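Read the structure below first, then the notes.
The values are calculated or read from the model by the stated rules, or taken from the named source; none is laboratory data. Bear in mind the structure is a predicted one, so any value in this text is a computation, not a measurement. Cβ coordinates were reconstructed from backbone atoms using ideal geometry, including for glycine residues, and neighbour counts include every protein chain displayed.
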Ligand SMILES: Cc1cc2nc3c(=O)[nH]c(=O)nc-3n(C[C@H](O)[C@H](O)[C@H](O)COP(=O)(O)OP(=O)(O)OC[C@H]3O[C@@H](n4cnc5c(N)ncnc54)[C@H](O)[C@@H]3O)c2cc1C
């Protein structure tokens, strides 16, 4: 790819992402192939300019927002390359894609190419690119049952800072205890010691993922483009359930919804072979917010009626034409002061899509409001938490959020992946004083969450906005280890500098 493929000036849209932070850059390139990508990296290696990697820019931690230098935007590397290498085994098939393929395009392709299979990670924002999802180890509702993106990656081609490439396959390229060595496609040896980084056992996407004897492709999954650029990805698909059943149920009080979460989590195994795939929460402020906003795009919304103050969305993957999961859910709702007759059920694709759009409307509405307030307050960014905690801490962490938000009188909504004890508190500051108060609150919560064994980033990553929180979780030694690891793969520090840590 000739250098003049970097165009300038950079169109303003490419200087921001969904965090609503604005950046600056000298020039941008849109490679269409791994070959063009490696050529661009090789040709610019000696220029000393920092390089920002972009997928679809739906990230909310400002990872794709440039801070000077060059941008490599991967949205035109959007080809589906075909089936993976190990078809014919009993395992579900795999599929190889370029990183710029969007989740929505992949799904469209699967409906015809693999109609009996799914790719389960689902950050609800379906314009997200597969490369961005792998780079952030994105999750979504059904990660409750199927795990984050990491659990569905079989192989990666990674372009390093100097344009050399690594081809990595799960099960083939492994660390030996804490030692690792990899040979690039040009024959260069990269070796080192895995750093000691605290790894919480909860849902976690904060910084590098490191474990003795690990599969080395896991170093790159969730590394947010700081170690290398993902140029080709092989995804493992999952067999489609016989049927999916979505249930939106309502409660008068948060405590009742919480009791339902705990009851259904412990009872779900009784419903096997059917799988409870998602438990999502919407607090009273979220429901009010989405009812009064425009992000629902005309969809029918839960009306305001007595007893419909907070909501849970439960999703079951049915293994057969069975009624037991619905009956189990009904019993639990009754026991938790819910009303099984006052629920919204979705059992076909179109109703499930509508419930998904409703769930998506909450963060969309938040982003729209931040964009609106930003016109008056240009330094405002989204102030959303991504903390996950162990099961037994869920009631305590909610009490902490409620107490502090009430004391600070901050406008907010709380929603998200309650099945994984992973709620998003989105603070909606009305001025920069509230923004500063909100930031201090989030930092203080991070300290508590870490002391409880939780993670400061369950799925959105750290990007440029949450470095202070990663420092709380990793500590000075963990951060120093991460810096050493980055220097092993990117000695000049040109790839996504200022993400994860300074
Ligand atoms: C309304 C809304 C709801 C959301 N809900 C969820 C949710 O439920 N769960 C969830 O996990 N996320 C959620 N997200 C966040 C976002 O969609 C995900 O983080 C997604 O994975 C980002 O993908 P992207 O292509 O937009 O990446 P970008 O925003 O472009 O980039 C994100 C990071 O990945 C790096 N990167 C991108 N592509 C590559 C590549 N090929 N190689 C190396 N590095 C790369 C970038 O440098 C950056 O650091 C939501 C976002 C929105 C706007």
message: Pull out all pairs, ordered by first then second residue, where Cβ-Cβ is under 6 Å, the residues are six or more apart or on different chains, the first lies in the range 319-332 and is outside any helix (DSSP H, G or I), and the second is crowded, with 18+ Cβ neighbours inside 10 Å.
response: 319/274
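Here is a yes/no grid of residues against (1) crowded, with 21+ Cβ neighbours inside 10 Å; (2) in contact with a strand residue (DSSP E or B) (Cβ under 9 Å, 6 or more places away or on another chain):
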residue: 18; (1), (2): yes, no
residue: 52; (1), (2): yes, yes
residue: 92; (1), (2): no, yes
residue: 105; (1), (2): no, yes
residue: 109; (1), (2): no, yes
message: Looking only at residues that are within 12 Å of the ligand (Cβ to nearest atom) and within 21 Å of residue 103 (Cα to Cα) in the range 26-50, which one is surrounded by the most Cβ atoms within 10 Å (Cβ to Cβ)?
response: 31
- prompt: Got a number for residues in the range 247-285 being farther than 23 Å from residue 394 by Cα and buried (at least 17 other Cβ atoms within 10 Å of the Cβ)?
  reply: 2
- prompt: Only one of these conditions is not met by residue 404: (1) crowded, with 17+ Cβ neighbours inside 10 Å; (2) in contact (Cβ under 8 Å) with a residue 60 or more places away in the chain; (3) away from the ligand (no atom under 16 Å from the Cβ). Which number is it?
  reply: (2)
- prompt: Within the range 397-410, is even one residue part of a helix (DSSP H, G or I), under 22 Å from residue 122 (Cβ atoms) and touching a strand residue (DSSP E or B) at 6+ places or on another chain (Cβ under 7 Å)?
  reply: no
- request: Pick out the one residue from 312, 423 that is part of a strand (DSSP E or B), within 15 Å of the ligand (Cβ to nearest atom) and crowded, with 23+ Cβ neighbours inside 10 Å.
  value: 423
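Condition check ((1) modelled with pLDDT of 95 or more; (2) within 14 Å of the ligand (Cβ to nearest atom); (3) within 22 Å of the chain's Cα centre (by Cα)) across all residues:
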| residue | (1), (2), (3) |
| --- | --- |
| 216 | yes, no, yes |
| 226 | yes, yes, yes |
| 237 | yes, no, yes |
| 241 | yes, no, no |
| 253 | yes, no, no |
| 256 | yes, no, no |
| 279 | yes, yes, yes |
Test result for residue 458, buried (at least 17 other Cβ atoms within 10 Å of the Cβ) and touching a strand residue (DSSP E or B) at 6+ places or on another chain (Cβ under 8 Å): yes
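Condition check ((1) under 25 Å from residue 246 (Cβ atoms); (2) touching a helix residue (DSSP H, G or I) at 6+ places or on another chain (Cβ under 6 Å); (3) more than 13 Å from the ligand (Cβ to nearest atom)) across all residues:
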position	(1), (2), (3)
356	yes, no, no
365	yes, yes, no
368	yes, no, no
373	no, no, yes
389	no, yes, yes
- prompt: Can you name the number of the only condition in (1) under 24 Å from the mean Cα position of the chain (by Cα); (2) surrounded by fewer than 21 Cβ atoms within 10 Å (Cβ to Cβ); (3) within 16 Å of the ligand (Cβ to nearest atom) that residue 162 fails?
  reply: (1)
- request: May I ask you to list the residues in the range 468-479 that are out of contact with any helix residue (DSSP H, G or I) (no Cβ under 8 Å at 6 or more places or on another chain), more than 12 Å from residue 194 (Cα to Cα) and in contact (Cβ under 8 Å) with a residue 24 or more places away in the chain?
  value: 475, 477
task: Answer yes or no as to whether residue 92 is more than 30 Å from residue 172 (Cα to Cα), away from the ligand (no atom under 14 Å from the Cβ), part of a loop (DSSP other than H, G, I, E, B) and not assigned by TED's automatic domain parsing to the domain that holds residue 383.
output: no
- request: Examine the range 100-113 for a residue that is away from the ligand (no atom under 13 Å from the Cβ) and either under 26 Å from residue 422 (Cα atoms) or part of a loop (DSSP other than H, G, I, E, B) (or both), and state whether such a residue exists.
  value: yes
query: What's the number of the condition residue 409 fails, among (1) at positive phi; (2) in contact (Cβ under 8 Å) with a residue 12 or more places away in the chain?
result: (2)
field: Every residue from the range 120-136 that is at pLDDT 95 or above and within 8 Å of the ligand (Cβ to nearest atom)
entry: 121, 127, 128, 129, 130, 131, 132, 133, 134, 135, 136
query: What number of residues within the range 57-76 are buried (at least 24 other Cβ atoms within 10 Å of the Cβ) and near the ligand (Cβ under 8 Å from one of its atoms)?
result: 6
- prompt: Within the range 30-50, can one find any residue that is outside any loop (DSSP other than H, G, I, E, B) and under 30 Å from residue 366 (Cα atoms)?
  reply: no
